[in-house]
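Structure record follows, encoded as structure tokens.
A short reminder: the numbers here are calculations on the coordinates, not readings from a lab. Predicted, not measured: the structure shown is a model, and the values here were computed from it. Positions of Cβ are backbone-derived with ideal geometry, glycine not excepted, and every protein chain shown enters the neighbour counts.
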Amino acid sequence: MENCLFCKILKGEIPSDKVYEDENVLAFRDIAPQMPTHILVIPKQHVSSLAEADQLTDAQLAACLRAIREIARKENLAEGYRVITNCGPHACQSVPHLHFHLLGGSQMAERMG
Ligand code: DGP
């Protein structure tokens, strides 16, 4: 997608602090971290949010979750981590390319909302 920020990161047109890449997935550190570890995991195939995930293959979607697990291991998040995907305006999604926030590195609050 021409004007998509995360597609530009994928193409290397915008720099990022990359932590993981495979044929289906890219992961890089969030520019405004909310936790000691805050990584964004995106499918390389552009879809705007989880609501459009039917446009991904099962392999592409599963690759995101497998990547999260692998990154959490490499980032030493054995004490736990949280995975969030904001989907649409009620959830305050600001970048319309499906992404999973991987958050960890210190104790989080029990509830969100
Ligand atoms: P969301 O609000 O769920 O759509 O999250 C978008 C996230 O993307 C937000 O935590 C900040 C991050 N972000 C925005 N622009 C950039 C950028 O240029 N580089 C990186 N690494 N992260 C970005």
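Unpaired cysteine residues in the chain (no second Cys Cβ under 4.7 Å): C64, C87, C92. Given a 10 angstrom Cα cut-off, can you work out which residue in K18, K74, K44 is the most mobile in a GNM of the chain? The residue with the greatest mean-square fluctuation here is K74.
Which value, in debye to the nearest 20, describes the size of the charge dipole of the stretch 1-48 about its Cα centre when Lys and Arg Cβ atoms bear +1, Asp and Glu Cβ atoms bear -1, and nothing else is charged? Could the numbers behind the result be given before it?
Working: 5 positive and 7 negative charges, 16 e Å.
Around 80 debye, computed over the stretch 1-48.
Spin-label model, A109/Q34: points 7 Å from Cα along the beta carbon direction are separated by 1.0 nm.
Name the residue from G105, I31, Y81 whose Cα lies farthest towards the positive end of the charge dipole of the chain, charges +1 on Cβ of Lys and Arg and -1 on Cβ of Asp and Glu. Farthest along the dipole direction, towards plus: G105.
With respect to the chain, whose longest principal axis is taken over its alpha-carbon atoms, helix 58-74 is tilted by about 30°. Computed over the chain with a Gaussian network model linking Cα atoms closer than 10 Å, the most mobile of I42, I68, I31 is I31. Could you state the number of Å between the C-alpha centres of the stretch 63-113 and the stretch 1-56? The distance from the Cα centre of the stretch 1-56 to that of the stretch 63-113 comes to 12 Å.
Expressed as a rounded percentage, what relative contact order does the stretch 1-108 have, with Cα pairs under 8 Å and six or more residues apart? List each step's numbers first, then the result.
Working: 171 pairs, mean separation 33.2, N = 108.
Value for the stretch 1-108: 31 percent.
Compactness check for the chain: Cα Rg over 2.2 N^0.38 Å is 1.02.
So which GluC sites (Glu not before Pro) in the stretch 26-113 are both in a DSSP loop and have at most 15 other Cβ atoms within 10 Å of their Cβ? Present the calculation step by step, with values, prior to reporting the outcome.
Working: sites: E52, E70, E75, E79, E110; in loops: E75, E79, E110.
Those satisfying the criteria are E79, E110.
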